[in-house]
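Here is the structure we will look at.
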């Protein structure tokens with residue numbers, strides 16, 4: 001199972017569907033980091049990876065990473081940042097916060113496939 005945290009409804013739907021079809025598994029999706037964190041504290045899921053937008057309402061994706069990591073079952077779950085910003089400082093901040101990969105929007109099916117393929121090899 002994968003999680004997608006993205007505030008843009010169309011981006012969330014597209015990413016969720018691509019991941020669901022390619023990985024042949026269920027995807028849970030959320031429009032904010034806070035809603036994801038609240039949900040998994042009550043109903044934890046075994047996740048293969050989390051796709052996380054940076055610019056979210058309320059808490060940013062980068063600020064959410066350490067909070068997600070504090071939830072013991074997610075301490076090692078791969079987090080892939082998805083952002084329209086390809087600013088090097090933003091990428092470095094995301095990776096230092098604990099993301100394992102950074103995808104620049106608009107996301108292509110190929111970029112999603114490459115990330116999913118790399119996850120399956122780990």
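The values are calculated or read from the model by the stated rules, or taken from the named source; none is laboratory data. Keep in mind it's a predicted model, so treat the numbers as computed, not measured. Cβ coordinates were reconstructed from backbone atoms using ideal geometry, including for glycine residues, and neighbour counts include every protein chain displayed.
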If you check residue 98 against the conditions, is it on the phi > 0 side of the Ramachandran plot and in contact with a strand residue (DSSP E or B) (Cβ under 9 Å, 6 or more places away or on another chain)? yes
Condition broken by residue 89, with the remaining ones in (1) over 15 Å from the mean Cα position of the chain (by Cα); (2) at pLDDT 90 or above; (3) within 18 Å of residue 8 (Cβ to Cβ) satisfied: (3)
Could you tell me which numbered condition residue 26 fails, if it satisfies all but one of (1) under 12 Å from the mean Cα position of the chain (by Cα); (2) modelled with pLDDT of 95 or more? (1)
Within the stretch 5-64, tally of residues that are in contact with a strand residue (DSSP E or B) (Cβ under 8 Å, 6 or more places away or on another chain) and either part of a strand (DSSP E or B) or within 18 Å of residue 91 (Cα to Cα) (or both): 17
Among the listed residues 64, 33, which satisfies the condition of being surrounded by 13 or more Cβ atoms within 10 Å (Cβ to Cβ), farther than 10 Å from residue 5 by Cα, without any contact (Cβ under 8 Å) to a residue 60 or more places away in the chain and in contact with a helix residue (DSSP H, G or I) (Cβ under 6 Å, 6 or more places away or on another chain)? 64
When the stretch 67-86 is checked residue by residue, the ones that are in a loop (DSSP other than H, G, I, E, B) and touching a helix residue (DSSP H, G or I) at 6+ places or on another chain (Cβ under 9 Å) are 71, 75, 76, 77, 78, 85
Could you please give the count of residues in the stretch 92-109 that are in a helix (DSSP H, G or I) and modelled with pLDDT of 90 or more? 6
